[in-house]
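To start, the structure under review is shown below, and the notes come after it.
The values are calculated or read from the model by the stated rules, or taken from the named source; none is laboratory data. Because the structure is predicted, anything quoted here is derived from the model rather than measured. All Cβ positions, glycine included, derive from the backbone under ideal geometry; neighbour counts span all protein chains shown. Note: accessible area is taken over every heavy atom of the protein model, side chains too, but ligands, DNA and RNA are not part of it. Shrake-Rupley method; radii C 1.70, N 1.55, O 1.52, S 1.80 Å.
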Amino acid sequence: DVTPPLLAIKELQAWYGESHILHGVNFEVREGEVVTLLGRNGAGKTTTLKSIMGIVGKRTGSVRFEGRELIGATSDQIARAGIALCPEERGIFASLGVEENLMLPPVVRPGGLTLDQIFTLFPNLKERLGSSQGTKLSGGEQQMLAIGRILRTGARLLLLDEPTEGLAPVIIQQIGKTIRALKEQGFTILLVEQNFRFASTVADRYYVMEHGRIIDQFASSELDANVEKLHEYLGV
Ligand code: ATP
């Protein structure tokens with residue numbers, strides 16, 4: 001394939017204060033792919049997403065998006081370039097209703113979904129439109145709201161940090177369905193997941209992280225051949 005990747009990360013290092021967390025991360029994501037970062041707790045997966053977004057203390061190396069270097073850019077410039085992060089903590093404002101939460105992030109590029117399109121993806125959210133308190137939403141509804149919110153912005157690369165965490169199996173299935181629908185609509189997704197079974201229902205490719213580095217990678221078609229190795233990596 002001669003087309004350059006949508007996202008190319010080279011020798012990425014990152015620090016929180018004095019703590020050196022990423023030690024030279026290398027990987028790429030092509031347009032339209034769902035790529036999953038796997039690894040044990042503390043491997044540096046969340047830090048990788050935050051480094052792409054420009055919200056760690058210090059970072060070096062190269063993060064190229066659509067050919068443009070983002071390593072010196074502010075988080076605001078990175079968002080405007082078309083990357084959005086859906087954080088593990090979801091960040092739903094309890095004092096705001098569904099629609100107000102959806103409207104929070106600014107639209108940065110054309111091509112974002114309309115509220116109607118978001119409600120088509122997440123019919124449960126539409127039913128909760130009347131509720132004025134975000135915290136009264138279930139965990140699954142909050143996760144859908146957190147994803148729906150970044151779809152409005154026009155971002156083309158979505159960074160999803162453990163979207164299934166703490167959710168019931170039936171909701172996890174819905175999130176999987178949504179991710180597949182988003183892929184069909186042309187979004188590119190970089191996913192951090194502990195739930196490997198879930199990841200295997202959506203991912204095209206995987207990278208494995210350990211101690212702030214990528215230590216292995218494989219495509220979904222190579223999964224069967226790598227199951228034992230994976231169990232070792234993930235300690236399951
Ligand atoms: P998890 O599934 O636990 O989130 P992870 O692979 O996403 O795992 P990170 O959250 O990126 O791992 O954490 C990597 C390392 O960075 C850990 O050792 C963690 O303790 C440390 N760390 C994370 N956030 C901070 C912070 N704000 N300040 C200092 N150290 C941090």
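The residues of the chain have, on average, 47 Å² of accessible surface per residue, using a 1.4 Å probe with all protein chains present.
Relative contact order, whole percent, for the stretch 1-101 stands at 28, derived from Cα pairs under 8 Å and 6 or more residues apart. The mean sequence distance of close C-alpha pairs (under 8 Å, at least 6 residues apart), as a share of the length of the stretch 103-218, puts its relative contact order at 24 percent. What longest region of the chain stays clear of trypsin sites (Lys or Arg not before Pro) that DSSP places outside H, G, I, E and B and that have at most 16 other Cβ atoms within 10 Å? Result, exposed sites excluded: 41-236. Net charge in the neighbourhood of Glu28 (other residues with Cβ under 10 Å of its Cβ; Lys, Arg +1, Asp, Glu -1) is +3.
About the centre of its Cα atoms, the chain shows a dipole size close to 460 debye [charges on the beta carbon of Lys, Arg (+1) and Asp, Glu (-1) only; nearest 20 debye]. The convex hull defined by the C-alpha atoms of the chain has an orientation-averaged projected area of 12.7 nm². Computed from Cα positions, the angle between helix 223-234 and the longest principal axis of the chain comes to roughly 90 degrees. Partner lysines whose Cα lies under 20 Å from the Cα of Lys136, excluding those fewer than 8 positions away in the same chain, are identified as Lys126.
Note on the chain: antiparallel DSSP beta bridges, both residues inside, total approximately 60 percent of the bridges counted. By the gyration tensor of its Cα atoms, with a ≥ b ≥ c the square roots of the eigenvalues, what is the shape of the stretch 184-236: rounded for a/c under 1.5, prolate for a/b over b/c, or oblate? Note, shape of the stretch 184-236 comes out prolate.
Between 0 and 90 degrees, rounded to the nearest ten: what's the tilt of helix 169-184 against the longest Cα principal axis of the chain? Around 80 degrees separate the two axes.
Once each of the GluC sites (Glu not before Pro) sitting in a DSSP loop with at most 12 other beta-carbon atoms within 10 Å is removed, the chain keeps 90-236 as its longest stretch.
The mean sequence separation of alpha-carbon pairs under 8 Å and at least six residues apart, normalised by the residue count of the chain, gives a relative contact order of 28 percent.
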